[in-house]
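Chemist: Structure incoming, see below.
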Amino acid sequence: MSRGVEVESFSVPPLGNTVYLVYDPGSKEAALIDTSCGASVVLPRVAELGLSLKHVLNTHGHADHVADNAAVAKATGAKVGIHEADAYRLELVARESHPYLAAPPPPSKPDLVLKEGTVVRIGGSDLRVLHTPGHTEGSVSFHLPEARCLFSGDTLLAGAFGSTAGLGSSPARLWRSLERIHAMPPETRVLPGHGPPTRVGDEAWVANLRYAAPH
């Protein structure tokens, strides 16, 4: 996607999650954006490319996005990063049953507590954390400026946005997060947690969203 960094995507079950492998071909340093249930697909690719997986970066703490955190971290030594407001979910998902998983995923440890503005270095490239709450209180997007792309998790999808029906969700905060993303350059490529990629400029409907705050 750019001279300094490469991005590969993997669509994995159970909910059609998209896992992104971001790596620097020169240094062989890499990060994984979410793990979902993708360890069996991603780990062989990491080995094939001879990569050193430094980070597992979660866009948020829902089980379908973090299920294989522990497996990937154990296999590679990667440090797990998640926003401070969603860190508690890594243990929570291990205590709850999920209709789309055969068993609760094992807990993973938040080695890297992310905040607005946190920078994660991958070779010579920087991934910048944007706090984009609403789907969960600690949802984040990862901005890779040199590649003009944004890993948006479940905040912005192609033609849609993440649910605000769950624990810690907020329609008002999601609305503000969508407005923030929509203010980015229109050519910015959006790589969501589900479904096909899109561009900020192709999501013009965001400008027409209205949120009526209670009086």
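Chemist: 7 Å from Cα along Cα→Cβ at both residue 15 and residue 74: what's the point-to-point distance in nm?
Modeler: Using points 7 Å along Cα→Cβ, the separation is 2.4 nm.
Chemist: Let me ask something additional. When Rg is the radius of gyration of the Cα atoms in segment 6-208 and Rh is its Kirkwood radius, what does Rg/Rh come to?
Modeler: A ratio of 0.94.
Chemist: Show me 31-38, 42-49 ranked by packing, highest mean number of other Cβ atoms within 10 Å first.
Modeler: 31-38, 42-49
Chemist: Which net charge results when you count Lys and Arg as +1 and Asp and Glu as -1 among the other residues whose beta-carbon is under 14 Å from that of residue 92?
Modeler: On the way: positive: 89, 95, 109; negative: 64, 86, 91, 96, 137.
Net charge in that neighbourhood comes out at -2.
Chemist: Express in whole angstrom the spacing between the alpha-carbon centres of segment 47-81 and segment 90-121.
Modeler: Spelled out, the Cα-based centre of one part sits 10 Å from the other.
Chemist: Per residue of the chain, what 222 nm ellipticity follows from adding -39500 (n - 2.57) for every DSSP H run with n ≥ 4, rounded to the nearest 500? Don't skip to the end; give the middle numbers.
Modeler: Values: 5 runs with 42 residues, N = 215.
Helix-only estimate at 222 nm: -5500 deg cm²/dmol.
Chemist: Determine, at each q value in 0.14, 0.17, 0.18, 0.19 (inverse angstroms), the log₁₀ of I(q)/I(0) that the Debye formula gives when each Cα of segment 94-191 is one equal point scatterer.
Modeler: -0.62, -0.87, -0.95, -1.02
Chemist: Within the set of other residues whose C-beta is less than 13 Å from the C-beta of residue 56, count the net charge using Lys and Arg as +1 and Asp and Glu as -1.
Modeler: Here the count lands on +1.
Chemist: Okay, moving on. Given N residues in segment 19-89, what is Rg(Cα) / (2.2 N^0.38 Å)?
Modeler: Scaled against compact globular proteins, the figure is 1.03.
Chemist: Determine the relative contact order of the chain: mean sequence separation of Cα pairs under 8 Å and six or more apart, normalised by residue count, in whole percent. Walk me through the numbers on the way to the answer.
Modeler: Details: 500 pairs, mean separation 33.1, N = 215.
Reported relative contact order: 15 percent.
Chemist: Starting from the 7 Å offset along Cα-to-Cβ, what nm value, one decimal, do you get for the label separation of residue 160 and residue 128?
Modeler: A separation of 3.0 nm, rounded to one decimal place.
Laboratory data are not the source of any read-out in this text; all were calculated from the coordinates shown. Remember, it's a predicted structure, so these values are computed and weren't measured experimentally. For neighbour counting, all protein chains shown are included, and Cβ atoms are generated from backbone atoms with ideal geometry for every residue, glycine included.
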